[in-house]
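Asks: Submitted below is the structure of interest, expressed as structure tokens.
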Amino acid sequence: MRDRAAFAHALLDAHAPTPQGLRASKGASIDARFAVYRNNVVSGLIDALEDSFPATLRIVGPDFFRAMAQVFVQNAPPRRAVLRAFAHGFPAFMDSFPPAQEIAYLADVARIEAARIEAFHAADCDEDAEAWARAMSGDLSSARIALHPSARLVRSHHPIVTIWRMNARDGVIAPVENWTAEHALVYRDANDAIHVEQAPNGAATILSGLRNGETLGDAAGQAIDSASESDLTGVILLLMRTRATILAETGAKAR
Amino acid sequence: MTLHGHLPQRAGVGFKPTHFAEIVAAVRPPAFFEVHAENYMGAGGPSHRQLERLHAIAALSVHGVGLSIGGDALDKTHLAQLAHLCERHQPECFSEHLAWSTHEGAFFNDLLPLPYTRATLDRVCAHIDETQSVLRRRMLLENPATYVLFEESELSETDFLRDVASRTGCGLLLDINNVFVCAANHAFNARDYLAAFPMHAVEEVHLAGHDEQNDRDGAALLIDTHNRPVCDHVWRLYAEVIAQTGPLPTLIEWDNDIPAWPVLAREAERAEAILLRKTADA
């Protein structure tokens, strides 16, 4: 094609002229025909974002959502044919989109929705109950633990889990009684259900530490240092429930 | 090139996860299922397990919508993911479109038209060679639904597809709804197009519904929306094609405003009836 660049540019820019060199049958308008492609591309991508971010859509309403999505589509079109990566970039765009900044929690709620999509498609991982049993009978504090591939942590200064739940499908919107920071833990369970749980402050610190390769003991130490109460037993139960894997059992011998 | 079996010469449907429970419970599920490759490029999760269950009861066709065969250069990462998907699920068929969807790193999520010139023919053939070589299997190439034509085109679409098939050895996927949509949009006769189509290379047929509009100058404009039943004109053209070619694997595509399972299953049964009639004749 002589001018694919002009065709591509005009798809995303509604004010760009219809590209040169196109033909339509007698009586048909080339502009109207080209507009079909423009609409397919822009509306199709906005629709895909609507499908991916139902709670965000409910919070801001369809007019605001589609206007915001259109700016995102035009400024940062997908780079890949797998649209998950495109959806993943939408919350960061909200952080930089002035009209959305007025809703301080919006981008973090959207991050929960992006995390749910990633959790759905994340790698599978065999559970190893025996490794857990061995670790429990040894010294768990020196264990290195890998979170399940589906596990995602979304940290926030806002009550994002409460707000997400109210705005998720079938959620009931009500005043937020306790406006405190909430971190979200998103994961896929053994029956392929996607969960969104509030991770207590200490647990979020421990999970971040484990993800950085720290032992459970060191990660828990960080949680105590960060001056928030952490319930280590609660964290261990959470790790087991979310299908984390014991990577290395240095166990009693290491001490 | 490895042999991967064939789709059965029967009716199949585009798989939608919302239909999964009814499909696995069906006494006579469709003979094959087709999925969009890009929806199965995650590392794991329930979608792959669903595909494995489906493939245990029916044949599988992987249909790409994002490779951009008519684009400037193939995305090597995307091609590698397609190869991985085909390796993992061993589908009976892989197909893509005569279209482009990427330019300079942007993906437009639509099947965009290309002019039919010697230069674009060379490029499409090179990309199909590359795809077949990376996937280590033959592919099918589908005729597009288009809304504009190009002044620089020097080949008809049917000649273009004939040359692609003969040069690359790929098969063709004949989308009869796309033919009907193009015939209305570009004011040609669908039967003339089908008479010129290289039927010897056709290995699968697509049938779908379209939306009928008028553009702002009042000219008829059909949009390939896949959001409703196949129209009667397309059914007639389909029966004529099958009468000529004999039975071919035939897919009902319904991607938007997805109906209840029995509605989609009935569309497949209607195609199956036409195929069986021809099989009985033979």
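Just so it is clear, none of the values below were taken in a lab; they were calculated from the coordinates. Nothing here was measured: the structure is a model prediction, and the numbers come from that model. Here the Cβ is made from the backbone with ideal geometry for all residues, glycine too, and neighbour counts use every protein chain on show.
Asks: Given the -39500 (n - 2.57) contribution per DSSP H run of 4+ residues, what per-residue ellipticity at 222 nm results for the protein assembly as shown, rounded to the nearest 500 deg cm²/dmol? Provide the component values of the computation, followed by the final result.
Replies: On the way: 22 runs with 249 residues, N = 537.
So the calculated ellipticity at 222 nm is -14000 deg cm²/dmol.
Asks: I would also like to ask the following. Which residues in the stretch A:13-46 place their backbone N less than 11 Å from a point set 7 Å from the Cα of A:A6 along the Cα-to-Cβ direction?
Replies: A:17-22
Asks: Please label the shape of chain B as rounded, prolate or oblate, based on the square roots a ≥ b ≥ c of the eigenvalues of the alpha-carbon gyration tensor (a/c under 1.5 means rounded; beyond that, a/b larger than b/c means prolate, else oblate).
Replies: Details: a/c = 1.40, a/b = 1.09, b/c = 1.28.
Cα axes put chain B in the rounded bin.
Asks: Which of B:V234, B:A11, B:A73 sits closest to the plus end of the dipole of the stretch B:11-281, meaning its Cα is farthest towards the positive end, when Lys and Arg get +1 and Asp and Glu get -1 on the C-beta?
Replies: B:A11
Asks: Most fluctuating residue of B:F15, B:F150, B:F32 in a GNM of chain B with Cα springs under 10 Å: which is it?
Replies: B:F150
Asks: What average count of beta carbons from other chains do you get within 10 Å of the Cβ of residues in A:40-47?
Replies: Mean partner shielding for this stretch: 4.
Asks: Taking beta carbons within 10 Å but only from partner chains, what does the mean come to for residues A:115-125? Let's see the in-between values first.
Replies: Numbers: counts 0, 0, 1, 3, 1, 5, 10, 4, 4, 6, 2.
Per residue, the number of nearby Cβ atoms from other chains is 3 on average.
Asks: From a point 7 Å beyond the Cα of B:T18 in the direction of its Cβ, which residues of the stretch B:238-280 have a backbone N at a distance under 19 Å?
Replies: Only B:252-268 fall inside the zone, counting backbone N under 19 Å.
Asks: For the stretch A:1-103, just say rounded, prolate or oblate: build the C-alpha gyration tensor, square-root its eigenvalues into a ≥ b ≥ c, call rounded for a/c under 1.5, and beyond that prolate if a/b exceeds b/c, oblate if not. Display every interim value, and only then the final one.
Replies: Details: a/c = 2.46, a/b = 2.11, b/c = 1.17.
In terms of gyration-tensor shape, prolate.
Asks: Let's see if you can work this out: charge +1 on each Lys and Arg Cβ, -1 on each Asp and Glu Cβ, no other charges. What is the dipole magnitude of the stretch A:1-103 about its Cα centre, in debye to the nearest 20?
Replies: On the way: 11 positive and 9 negative charges, 120 e Å.
Using only the charged Cβ atoms, the result is roughly 580 debye.
Asks: When a footprinting reagent is the concern and you count Cβ atoms within 10 Å, what order do A:E130, B:E212, A:E182 take, fewest first? Walk me through the numbers before you get to the answer.
Replies: On the way: A:E130 9, B:E212 14, A:E182 25.
Ordered by Cβ neighbours within 10 Å, fewest first: A:E130, B:E212, A:E182.
Asks: Give a residue-ordered list of calculated ³J(HN,Hα) values for the stretch B:10-16 (Karplus: 6.51 cos²θ - 1.76 cosθ + 1.60, θ = phi - 60°; whole Hz; x for Gly, Pro).
Replies: So the J values, rounded to whole Hz, are 9, 8, x, 9, x, 7, 10.
Asks: Let me ask something else. Provide a whole-number value for the mean count of partner chain Cβ atoms within 10 Å of the Cβ atoms in peptide B:211-220.
Replies: Values: counts 0, 0, 2, 1, 9, 5, 6, 3, 8, 3.
That average works out to 4.
Asks: Please give the FRET efficiency for B:T77 paired with B:V27, using the beta carbon to beta carbon distance and R0 = 41 Å, rounded to the nearest 0.05.
Replies: 0.45
Asks: May I ask you to list the aspartates and glutamates whose Cα is less than 17 Å away from that of B:K76, ignoring any residue fewer than eight positions away on the same chain?
Replies: List returned: B:E38, B:E87, B:E96, B:E104, B:D129, B:E130.
Asks: Hey, another quick one. For the stretch B:11-281, what is the percent of antiparallel DSSP beta bridges, rounded to the nearest 5?
Replies: Working: 7 of 35 bridges.
DSSP beta bridges in the stretch B:11-281 are roughly 20 percent antiparallel.
Asks: Ok, one more. Which of the helices in chain B, when you take each full DSSP H run, stretch at least 18 Å along the axis at their Cα atoms and have an average Kyte-Doolittle score of -1.0 or higher?
Replies: Working: long enough: B:76-89 (20 Å, -0.59); B:118-135 (25 Å, -0.10); B:232-245 (20 Å, -0.06); B:261-281 (30 Å, -0.26).
Span-like helices, by this rule, are B:76-89, B:118-135, B:232-245, B:261-281.
Asks: Looking at the protein assembly as shown, send over the antiparallel percent of its DSSP beta bridges, to the nearest 5. Kindly include the intermediate steps, with their values, before the conclusion.
Replies: Details: 22 of 50 bridges.
If we restrict to bridges inside the protein assembly as shown, about 45 percent are antiparallel.
Asks: In whole Å, what is the distance between the alpha-carbon centres of the stretch A:106-135 and the stretch A:1-69?
Replies: 35 Å
Asks: Can I ask one more? Quick check for you: which residues of the stretch A:16-42 have the amide N under 14 Å from the point 7 Å beyond the Cα of B:E154 toward its beta carbon?
Replies: Counting only backbone N, you get no residues.
Asks: Further question: In nm, give the distance between the simple-model label positions of A:H15 and B:L276, each being 7 Å from the Cα along the Cα-to-Cβ direction.
Replies: If labels sit at A:H15 and B:L276, their model points lie 6.0 nm apart.
Asks: Between A:A67 and B:D232, what is the spin-label point distance in nm, taking each point 7 Å from the Cα along the Cα→C-beta axis?
Replies: For the pair A:A67/B:D232, the computed spacing is 4.6 nm.
Asks: Could I ask something else about it? Cβ under 10 Å from B:P144's Cβ, B:P144 left aside: what net charge do those residues give with Lys, Arg +1 and Asp, Glu -1?
Replies: On the way: positive: none; negative: B:E142, B:E157, B:D175, B:D224.
Overall, the nearby charge balance is -4.
Asks: Quick one: if the Förster radius is 60 Å, what FRET efficiency do B:D129 and A:V176 give, using the C-beta to C-beta distance and rounding to 0.05? Display every interim value, and only then the final one.
Replies: On the way: r = 59 Å, r/R0 = 0.98.
Working from the Cβ atoms, E equals 0.55.
Asks: Just grab the label-to-label distance for A:L237 and A:Q198, each label 7 Å out from Cα along the Cβ direction, in nm (one decimal).
Replies: Inter-label distance under the simple model: 1.6 nm.
Asks: While we're looking at this one, here's another question. Out of all DSSP beta bridges with both ends in the stretch B:134-248, state the antiparallel percent to the nearest 5.
Replies: On the way: 4 of 11 bridges.
Percentage antiparallel, nearest 5: 35.
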